[in-house]
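These notes are about the structure you will find just below.
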Amino acid sequence: MRWLLVAAACCLALGACSSKSKSAPPPAPATSVATSTSVTTAPVTSTTASGAATTTTVELPTTSLPCQAVPIPTTPATGPATQQSALLTKVSTQSDKCVDHVIFDYTGKGTDPPGYTITYGTPPFAQDGSGAPVPVAGNAFIVVKVQPGYGYDFEIGTTTYTGPKSINVTGNHVREVVETGDFEGILTWVIGLDSKRPFLVQATGTPRRQLVVSVT
């Protein structure tokens, strides 16, 4: 009888050990994606009980997202042909963390987007018509041609573009934007870059007649 009790006790002990060995494994640690964050400050204005306004500065965390990879396009990039002349009025640039935008604004009759041909070009560059050399800063060059395009309105005898023909740029990749031609209905500008880069093109006719080259 004593032997049976001892055997039963051993079986119970072994059962407990076996139960522990077959228990579910602990859950795997949760994975996380690392993101880089930065802190910006912003002024906040509040009003006290007496009606006086006070301004304090608070820290606002912001997440820094990576720049998106865009393939270098097959050139030339062309827009639909149009008979509506694009009269250049303004050339400007804007840059954010990832992209440099070169913006050409136009006026003129009609609502078609400006007709364009955009490709990578090789220096040296020369002024259309005269053949005078035109230096452009950079190591790679996007050539933008708009046709029919002018910087002068022949109907009313007025120059529509009075801005600089050479624009220095402090951007991510764009170094200079230079006009190399306003000749026989073709406007030509060259965008100098630090290296050959992907770019996107957007042309609009309404409500703003515009051509934008975005370099990433």
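In what sequence do LEU200, LEU65, LEU88 fall when counting other Cβ within 10 Å, fewest first? Don't skip to the end; give the middle numbers.
Numbers: LEU200 14, LEU65 10, LEU88 25.
Fewest to most other Cβ atoms nearby, the residues stand as LEU65, LEU200, LEU88.
Using R₀ = 22 Å, calculate the FRET efficiency as 1/(1 + (r/R₀)^6) where r is the Cβ-Cβ separation of THR117 and LEU65; round to 0.05.
0.10
Hey, for a label at THR206 modelled as a point 7 Å past Cα toward Cβ, could you say which residues of the range 99-122 have their backbone N under 15 Å away?
Backbone N within reach: 108-114.
With 21 Å as the limit, write out which pairs from LYS109/LYS145; LYS90/LYS196; LYS90/LYS165; LYS145/LYS196 have Cα-Cα distances beyond it, or answer none. Each step should come with its number before you reach the end.
Numbers: LYS109/LYS145 19 Å; LYS90/LYS196 25 Å; LYS90/LYS165 11 Å; LYS145/LYS196 18 Å.
LYS90/LYS196, as the Cα separations exceed 21 Å there.
For SER92 and ALA137, what is the calculated FRET efficiency with R₀ set at 25 Å and r taken between the beta-carbons, to the nearest 0.05?
Working: r = 18 Å, r/R0 = 0.71.
Here the calculated transfer efficiency is 0.90.
Where in the range 176-216 does the label zone of SER130 land, with the point 7 angstrom along Cα→C-beta and an amide N cut-off under 12 Å?
Only 180-182 fall inside the zone, counting backbone N under 12 Å.
Give the span of the range 112-216's Cα atoms along each principal axis, as three whole-Å numbers ordered largest to smallest.
41, 34, 22
Can you figure out the FRET efficiency of SER166 with SER195, using R₀ = 25 Å and their beta-carbon distance, to the nearest 0.05?
Values: r = 21 Å, r/R0 = 0.82.
The pair SER166/SER195 has a calculated efficiency of 0.75.
Using the number of other C-beta atoms within 10 angstrom as an exposure proxy, rank SER130, SER85 with the fewest first.
SER130, SER85
Once you charge only the Cβ atoms, +1 for Lys and Arg and -1 for Asp and Glu, what is the size of the charge dipole of the range 77-215 about its Cα centre, to the nearest 20 debye?
Values: 10 positive and 12 negative charges, 67 e Å.
With only Lys, Arg, Asp and Glu charged at Cβ, the dipole is about 320 debye.
Filter the chymotrypsin sites (Phe, Trp or Tyr not before Pro) in the range 95-193 down to the DSSP loop ones having no more than 12 other Cβ atoms within 10 Å, then list what survives. Intermediate values should be presented prior to the final figure.
On the way: sites: PHE104, TYR106, TYR116, TYR120, PHE125, PHE141, TYR150, TYR152, PHE154, TYR161, PHE183, TRP189; in loops: PHE154, TYR161.
Listed in order of number, the matching sites are PHE154.
Computed from the coordinates by the stated procedures, all read-outs in this text should not be read as laboratory data. Bear in mind the structure is a predicted one, so any value in this text is a computation, not a measurement. We place every Cβ from the backbone using ideal geometry, glycine too, and count neighbours over all the protein chains shown.
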